[in-house]
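*Asks:* Mind having a look at this structure? Questions to follow.
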Amino acid sequence: MAGEKDLRKLLAGMSPQLNAGEYVFTVAPDGRVPAGVRPVVTVAEEEGLTLVLSREDADRAGLAYEYVAGWITLRVHSALDAVGLTAAVAEALARAGLSCNVIAGFHHDHLFVPHADAARALAALEHLGR
């Protein structure tokens, strides 16, 4: 099934869902994912392999991190070439004074927001969808 491109439909149907747990951004030592670690996102950069994973996995593996995030999934199936969804979400969260790191998957967009403010971020996104 093709992803949605119409911004009005994307906003109306985004159904943001807060995933349980705390998530952190770290860099994989030696460019390898440590044994027992299950990242939810990996990004290969010149400086190293970024891992987004549960705080529990990072602590167990002894991986350093600074930012603890809540993970929100926009449940609408957005097209990868849809225009405006990321901007609308970022603007709504910025108006609420919240930072956001957006990662696009094939089917959904994923937002990592400050964990302490995840409920506020979810409320802002739900308001945007109305």
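The values are calculated or read from the model by the stated rules, or taken from the named source; none is laboratory data. Quantities reported herein were computed from a predicted structural model and do not represent experimental measurements. As a convention, Cβ positions derive from the backbone with ideal geometry for all residues, glycine included, and neighbour counts pool all protein chains shown. Just the protein is used for accessible areas: all its heavy atoms, side chains included, with ligands, DNA and RNA removed. Shrake-Rupley method; radii C 1.70, N 1.55, O 1.52, S 1.80 Å.
*Asks:* Suppose we take every Cα in the range 31-105 and form the convex hull; what volume per residue is that in Å³?
*Replies:* So the per-residue Cα hull volume is 132 Å³.
*Asks:* Next question, about the same structure. Antiparallel as a % of all DSSP beta bridges within the chain, to the nearest 5?
*Replies:* About 95 percent, rounded to the nearest 5.
*Asks:* Normalised by the residues of the chain, what does the relative contact order come to in percent, with Cα pairs under 8 Å and at least six apart?
*Replies:* 32
*Asks:* Accessible area of the range 38-130 with a 1.4 Å probe: how many percent of it is carbon plus sulfur? Please report the intermediate quantities before stating the final value.
*Replies:* On the way: 2650 of 5050 Å².
Carbon and sulfur: 53 percent of the exposed surface of the range 38-130.
*Asks:* Based on the mean of other beta carbon atoms within 10 Å per residue, what is the order of 70-76, 82-88, 2-8, most packed first?
*Replies:* Final packing ranking: 70-76, 82-88, 2-8.
*Asks:* Another one. With +1 assigned to the C-beta of every Lys and Arg and -1 to the C-beta of every Asp and Glu, and no other charges, what is the dipole magnitude of the chain about the Cα centre in debye, to the nearest 20?
*Replies:* 520
*Asks:* Based solely on C-alpha atoms, express the radius of gyration and the Dmax of the chain in angstrom.
*Replies:* In Å, with Rg to one decimal and Dmax whole: 15.3, 46.
*Asks:* Just to confirm the filter: which GluC sites (Glu not before Pro) across the range 45-130 are DSSP coil and have at most 15 other Cβ within 10 angstrom of their Cβ?
*Replies:* E46, E47, E66
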